[in-house]
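Participant: Before anything else, here's the structure in question.
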Amino acid sequence: MISRFGLGSRTDARKWIGAGRIAVNGTVIRTPDHWVAVDRDTVTLDGKPLRARERTYRLLYKPGGYLTTYKDPEGRPTVYDLIGDVEEFVFPVGRLDRDTSGLLILTNDAELAERLTNPGYKVPKTYLVKTAAVLGEEAIEQLRRGVTLSDGPTLPAVVHRLRNSASSTFLEIVITEGRNRQVRRMIEAVGSRVRKLVRTAIGPVRIGDLQIGAHRRLTGREVQQLRLAARAGGRSRTVVARNDDPD
């Protein structure tokens, strides 16, 4: 209920419940599975009644060097340092590791976030990759078929060779999973490593001409496209401009 009201992520809700900050009809609850009837029960956080907040959706062009987390114990910069002017509480939809840049959606819509990150819905994520070595056709085919990682084989990926330089291959890779550092590990599995990685699209929503480090509201049409993409199991087509090579 807490996450659906847009007041925090599911992780936040579990922490608040564990800390005894949530009460139902005046009784503190200690289990996230506690049943609540929204139309009859009064739920409070720190004694204040919970009320649903308006849904908000943001697209951030995350730079490298920023963590996808709220706070870092070591004091390193996080994506929240880039959205200080956003008044509503939002949380990241999935993660980009510290060295990866590109499209990151932030929202308080927990239901949509779950669908976009759950591999069962097969919403495609598109990346541009610069490798540390020139990849041959066999390596490209391995990526397309799926490679075996430490946590099991990957699903087949859509892979396009954009161009080669003297020492690198530039690829567009579309995956429908969301494993930790998956694209980097896939490239390592075929004998190279990633020099630069940029996420350019989630489903049909693209980063477009947004400047690095900047953010904007998603349009109503974009939100609807994301919902349709998740509902259709990721069958919507993703088109990415070819001028976004991660040089």
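Participant: Using a Gaussian network model of the chain whose springs link C-alpha atoms within less than 10 Å, name the residue from GLY203, GLY220, GLY94 with the highest mean-square fluctuation.
Facilitator: Greatest mean-square fluctuation among the candidates belongs to GLY220.
Participant: Summing +1 for each Lys or Arg and -1 for each Asp or Glu, what net charge is found among the other residues whose Cβ lies under 9 Å from the Cβ of ARG199?
Facilitator: Computed value for this residue: +2.
Participant: With the dipole of the range 10-49 worked out from charges on the C-beta (+1 for Lys and Arg, -1 for Asp and Glu) around the Cα centre, which of GLY47, THR31, THR11 lies farthest toward the positive end?
Facilitator: THR11
Participant: Say each of ILE83 and SER167 gets a label point 7 Å from the Cα, pointing the same way as Cα to Cβ; how far apart are those two points in nm?
Facilitator: The two pseudo-label positions are separated by 3.7 nm.
Participant: I would also like to ask the following. What residues from the range 171-210 fall in the zone where the backbone N is under 18 Å from a label point 7 Å along the Cα-to-C-beta line of GLU74?
Facilitator: Residues 181 fall inside that zone.
Participant: Next question. What FRET efficiency comes out for the pair GLU111/ALA132, r = Cβ-Cβ distance, R0 = 41 Å, nearest 0.05?
Facilitator: Plugging the Cβ-Cβ distance into 1/(1 + (r/R0)^6) gives 0.55.
Participant: Of all the C-alpha pairs in the range 25-87, what % are more than 14 Å from each other?
Facilitator: 71 percent
Participant: Among VAL93, VAL158, what is the fewest-to-most ranking by other Cβ atoms within 10 Å?
Facilitator: VAL158, VAL93
Participant: Write down Rg/Rh for the range 121-232, rounded to two decimals, with Rg from the C-alpha atoms and Rh from the Kirkwood relation over Cα pairs.
Facilitator: 1.00
Participant: How large is the charge dipole for the chain, taken about the Cα centre, if only the Cβ atoms of Lys, Arg (+1) and Asp, Glu (-1) carry charge, to the nearest 20 debye?
Facilitator: Values: 42 positive and 29 negative charges, 65 e Å.
Roughly 320 debye for the chain.
Participant: Here's a follow-up. Considering only ALA110, ALA133, ALA19, give the residue with the highest GNM mean-square fluctuation for the chain, with springs between Cα atoms whenever their separation is below 10 Å.
Facilitator: ALA19
Participant: While we're looking at this one, here's another question. What share of Cα pairs, in percent, lie more than 13 angstrom apart in the range 10-49? Before the final figure, lay out each step's value.
Facilitator: On the way: 359 of 780 pairs.
The answer is 46 percent, as a whole percent.
Participant: Next question. Taking the convex hull of the Cα atoms, report for the range 121-186 its projected area averaged over all directions, in nm². Let's see the in-between values first.
Facilitator: Working: hull surface 17.1 nm².
With the hull built on Cα positions only, its mean projection is 4.3 nm².
Participant: Additional query: Sort SER167, SER192 by Cβ crowding within 10 Å, fewest neighbours at the top.
Facilitator: So the ranking, lowest neighbour count to highest, is SER167, SER192.
Participant: Okay, next question. Here are several values of mean projected area of the Cα convex hull in nm²: (i) 13.8; (ii) 15.8; (iii) 14.8. Which one was derived from the coordinates shown?
Facilitator: (iii)
Participant: Next question, about the same structure. Using alpha-carbon pairs under 8 Å, 6+ residues apart, how would you state the relative contact order of the chain in percent?
Facilitator: 21 percent
Participant: Same structure, new question: Using a Gaussian network for the chain with springs between C-alpha atoms less than 10 Å apart, which of these wobbles most: THR169, THR100, THR117?
Facilitator: Comparing THR169, THR100, THR117 in the GNM, the peak value goes to THR169.
Participant: Please find the FRET efficiency linking ASP41 to LYS15, where r is the Cβ-Cβ separation and R0 is fixed at 22 Å, and quote it to the nearest 0.05.
Facilitator: On the way: r = 21 Å, r/R0 = 0.95.
That gives a FRET efficiency of 0.60.
Participant: Please go through the residue pairs LYS15/LYS196; LYS15/LYS48; LYS62/LYS196 and name each one whose alpha carbons sit more than 24 Å apart in this structure. All intermediate terms of the calculation are to be shown ahead of the outcome.
Facilitator: Numbers: LYS15/LYS196 35 Å; LYS15/LYS48 17 Å; LYS62/LYS196 14 Å.
Among LYS15/LYS196; LYS15/LYS48; LYS62/LYS196, the Cα-Cα distance tops 24 Å for LYS15/LYS196.
Participant: Helix-only estimate, please: 222 nm mean residue ellipticity of the chain, summing -39500 (n - 2.57) across DSSP H runs of length 4 or more and dividing by its residues, to the nearest 500.
Facilitator: -5500 deg cm²/dmol
Participant: Which length gain, in nm to one decimal place, applies between ARG231 and ASP97 when the Cα-Cα distance is subtracted from 0.36 nm times their residue separation?
Facilitator: 45.6 nm
Participant: Taking other Cβ within 10 Å of each residue's Cβ, how do VAL147, VAL198 sort, fewest first?
Facilitator: Ranking VAL147, VAL198 by Cβ neighbours within 10 Å, fewest first, gives VAL147, VAL198.
Participant: Under 14 Å Cα-Cα from LYS130, which aspartates and glutamates qualify once same-chain neighbours fewer than 8 residues away are excluded?
Facilitator: In chain and number order, the partners are ASP99, GLU172, GLU188, ASP244, ASP245, ASP247.
Here, each number is a calculation from the coordinates, and none is a lab measurement. Treat the numbers as computed from the prediction; the structure is a model and nothing was measured. Cβ: placed from backbone, ideal geometry, glycine included. Neighbour counts: every protein chain shown.
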